[in-house]
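To start, the structure under review is shown below, and the notes come after it.
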Amino acid sequence: MKAAAMIGSRAPARPGRGLRILQVTATSVGGAWFYDQVTGLARLGHSVLAVLPGAGPLHDRLRAAGIPVEIISFQGKRLSQLPRVTAAELRLLRLVRAFRPDVIHAHLLKAVMSCRLATLGYPSALRVSQLPGTVHLHSPLLRWLDCSTLSRDDVVIGSCQAIADRYRAMGARTVAVSYYGCDVRGIDPQVSGTGFRREFGLADGTPTVGMIAHMYATRMRAYRGTGVKGHEVFLDAVPLILRRVPDARLFVVGDELAGDGGYRRALEDRGAALGVAGNLRFIGHRTDITSVLAGLDVVVNPSMEESACYAMVEALLMERGVVASNVGGLPDTVQHGETGLLVPPGDPAALAAAVTELLADPGRRREMGRLGRARCLRQFDIAVTVAKLETLYRQALHELPRTRADAQPGHG
């Protein structure tokens, strides 16, 4: 199905009629959360057109699922890229006018900024921005850009309660919470971890701990020494874990999404300097993530900034023991003492203590995992989250004339 087949005139949105939805994201790799939301909306009978900044795995998955995709290279931050970015912005505006969407839904800051600008030339669509994180707010320039254009949004969706609260405090007109769901029934906790353990020569009883996350290098002052995802925190916790559980084996799962591999090498060097290389493995991206999770006793997320977190959801669906930082949306996913343990961010000692606590009590972590799976089945089912998103669209469209009138200067 080609994108051109979906472009043309439209009638005003009516209750019950399929909507025309333009979904725009600023990534062309990873993005399982975007794929699940787009395909879920399409299954509900909506006409969905996806816009990506480049070709890649996400483009291929969407096309294979029958979703039309447009490539518009709106990313760029150097002055020399300004002509290309300007041309991309004009192309996005032309696409919006041709597609005539009821809803323009942008994800990630660069896509959000591009859509806020493009919709100046097409005011009739509902303008929705969904923010999966707030890392950019630590940059004075990016924070200023976000705040100064925030009034362009009709609805800001936080992908967890903490993000929604942050944007409400920043003055967003209408704020909602909508989790990025997934195919929760497709994750089977009965999958065996034997294959993963045999791959690394581990006996069934060897304690295993893993961190599953993309690696993001950053120069932001707020993350010096910790990283955005907390890889450095995890590495610093490894010697403390091994002091209490000497036979434990620890894994860093994931790699850089962009870059030359320098950040991963720096992390590997840090592990070697800590003297834990014999018990620690960096195993890169894995496509068999369910098998990896099945082979781990405890999964950690020591992130400094996070939304509800796919990796934690998947770990709980696999009924693993989990330890996470008490930041952002992680408390939405992990209920301390019930479905896992929460620790202060940036605290290797607290992380190590929580991990060893769960390693020492298999019965407790199994019970936490069981409760965590039950909660995630309810909270993160893509069918449920997309149905709630559809309801949000329709309600916001119905109220759009009033909310925009209320937002006019001098109203009331």
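The values are calculated or read from the model by the stated rules, or taken from the named source; none is laboratory data. Everything numeric in this text was worked out from a predicted model, so none of it was measured. Note: ideal-geometry Cβ built from the backbone for every residue, glycine included; neighbour counts use all protein chains shown. These area figures cover heavy atoms from the full protein model, side chains too; ligands, DNA and RNA do not enter into them. Shrake-Rupley method; radii C 1.70, N 1.55, O 1.52, S 1.80 Å.
Odds and ends about this structure:
- Scanning segment 331-345 for residues that are in contact (Cβ under 8 Å) with a residue 60 or more places away in the chain and part of a loop (DSSP other than H, G, I, E, B) yields a single hit, 345.
- Meets criteria (of a type in the set (A, V, I, L, M, F, W, C) and closer than 19 Å to residue 253 by Cα) for residue 311: yes
- Unmet criterion (only one of (1) more than 25 Å from residue 399 (Cα to Cα); (2) in contact with a Leu (Cβ under 9 Å, 6 or more places away or on another chain); (3) of a type in the set (Lys, Arg)) for residue 84: (2)
- Pairs where the first residue, in segment 211-233, is farther than 11 Å from residue 346 by Cα and among the aromatic types (Phe, Trp, Tyr) and the second is open to solvent by 10 Å² or more (accessible area, probe 1.4 Å) and assigned to a loop (DSSP other than H, G, I, E, B), C-beta under 7 Å, 6+ apart: 216/228; 216/229
- Within segment 20-35, residues that are within 19 Å of residue 215 (Cα to Cα) and open to solvent by less than 30 Å² (accessible area, probe 1.4 Å) reach no partner that is in a strand (DSSP E or B) and acidic (Asp, Glu) with beta carbons closer than 9 Å at six or more positions or on different chains.
- Of all residues making up segment 279-291, the number that are open to solvent by 20 Å² or more (accessible area, probe 1.4 Å) and either aromatic (Phe, Trp, Tyr) or touching a strand residue (DSSP E or B) at 6+ places or on another chain (Cβ under 9 Å) (or both): 7
- Selection status of residue 55, open to solvent by less than 50 Å² (accessible area, probe 1.4 Å), at pLDDT 90 or above and under 20 Å from the mean Cα position of the chain (by Cα): no
- Residues of segment 366-386 that turn out to be loosely packed, with under 15 Cβ neighbours inside 10 Å and within 14 Å of residue 37 (Cα to Cα), as a count: 1
- Of all residues in segment 64-87, those that are modelled with pLDDT under 80 have Cβ atoms under 6 Å from Cβ atoms of residues that are open to solvent by less than 50 Å² (accessible area, probe 1.4 Å) and assigned to a loop (DSSP other than H, G, I, E, B), 6 or more apart or on another chain, in 75/53.
- Any hit, segment 158-173, residues being under 19 Å from residue 389 (Cβ atoms) and among the aromatic types (Phe, Trp, Tyr): yes
- Criterion violated by residue 309 - all others in (1) open to solvent by 50 Å² or more (accessible area, probe 1.4 Å); (2) of a type outside the set (Lys, Arg); (3) on the phi > 0 side of the Ramachandran plot; (4) at pLDDT below 95 satisfied: (1)
- The set of residues in segment 361-397 being touching a residue at least 60 places away in the same chain (Cβ under 8 Å), of a type outside the set (Lys, Arg) and more than 19 Å from residue 180 (Cβ to Cβ) consists of 362, 369, 397.
- Given (1) open to solvent by 30 Å² or more (accessible area, probe 1.4 Å); (2) out of contact with any strand residue (DSSP E or B) (no Cβ under 9 Å at 6 or more places or on another chain); (3) in contact (Cβ under 8 Å) with a residue 24 or more places away in the chain, index of the condition residue 294 fails: (1)
- Of the criteria (1) surrounded by 15 or more Cβ atoms within 10 Å (Cβ to Cβ); (2) modelled with pLDDT of 95 or more, which one residue 272 fails: (1)
- The listed residue being surrounded by 16 or more Cβ atoms within 10 Å (Cβ to Cβ), hydrophobic (A, V, I, L, M, F, W, C), at pLDDT below 95 and touching a Pro at 6+ places or on another chain (Cβ under 9 Å), out of 318, 304: 304
- Exactly one residue out of 233, 245, 253, 191 is closer than 22 Å to residue 27 by Cα and either aromatic (Phe, Trp, Tyr) or modelled with pLDDT of 95 or more (or both), and it is 253.
- Filter result for residue 259 (more than 25 Å from the chain's Cα centre (by Cα) and at positive phi): no
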